[in-house]
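What follows is one structure encoded as structure tokens, with my remarks underneath.
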Amino acid sequence: MKKVIKEYVAYQMYDDMLNDCYEDVSICGYEYSPARALRLVDETAYHVGFNDWSSQIEYEYEIDFS
């Protein structure tokens, strides 16, 4: 049986995965988490990545988008 998680939890999990896989991003001397940098610099790439990632966890989780 799949575990149902809320959408915001799925996004937190995705952000955690990005932050675990990549180093902080430095822009003009300021440091940002990889998830935040990607979300703010290229929102489309962030959401495409989330969709790809969420399709990989479908066997274990069902995301409640309501």
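Only the coordinates and a few stated rules stand behind these numbers; no lab work does. Given the structure is predicted, the values throughout are model-derived calculations rather than measurements. Here the Cβ positions follow ideal geometry from the backbone for every residue, glycine too, while neighbour counts run over all protein chains shown.
How high is the FRET efficiency from ASN51 to GLU31, r the C-beta distance, R0 22 Å, rounded to 0.05?
0.20
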- Task: Select from region 2-35 those trypsin sites (Lys or Arg not before Pro) which occupy a DSSP coil region and have at most 13 other Cβ atoms within 10 Å, ordered by residue number.
- Result: LYS2
- Qualifying chymotrypsin sites (Phe, Trp or Tyr not before Pro) for the chain [loop in DSSP, other Cβ within 10 Å: at most 13]: TYR22, TYR59, PHE65
- Under the helix-only model (-39500 (n - 2.57) for each DSSP H run of 4 or more, divided by the residues of the chain), the mean residue ellipticity at 222 nm, to 500 deg cm²/dmol, is -17500 deg cm²/dmol
- Note down the relative contact order for the chain as a percent, whole number, built from C-alpha pairs under 8 angstrom at least six residues apart. 52
- Message: Between PHE65 and ASP42, what's the calculated FRET efficiency when r is the beta-carbon distance and R0 is 22 Å? Round to 0.05.
- Response: 0.50
- Sum of side-chain charges, TYR8 neighbourhood, beta-carbon under 13 Å (Lys, Arg +1; Asp, Glu -1): -3
- So which GluC sites (Glu not before Pro) in region 31-66 are both in a DSSP loop and have at most 11 other Cβ atoms within 10 Å of their Cβ? GLU58, GLU60
- Task: Taking the chain as the reference, fit the longest principal axis to its C-alpha atoms, fit the long axis of helix 7-21 to the helix C-alpha atoms, and give the angle between the two in degrees, 0 to 90, nearest 10.
- Result: 50
- Item | Dimensions in Å of region 3-64 - Rg and Dmax from alpha carbons | 12.6, 41
- Note on the structure: Helix 43-56: inclination vs the chain longest Cα principal axis, degrees, rounded to 10, gives 40
- Note on the structure: If unit charges are put on Cβ atoms (+1 for Lys and Arg, -1 for Asp and Glu) and the dipole of the chain is taken about its Cα centre, the option from ALA37, VAL9, GLN56 lying farthest towards the positive end turns out to be VAL9
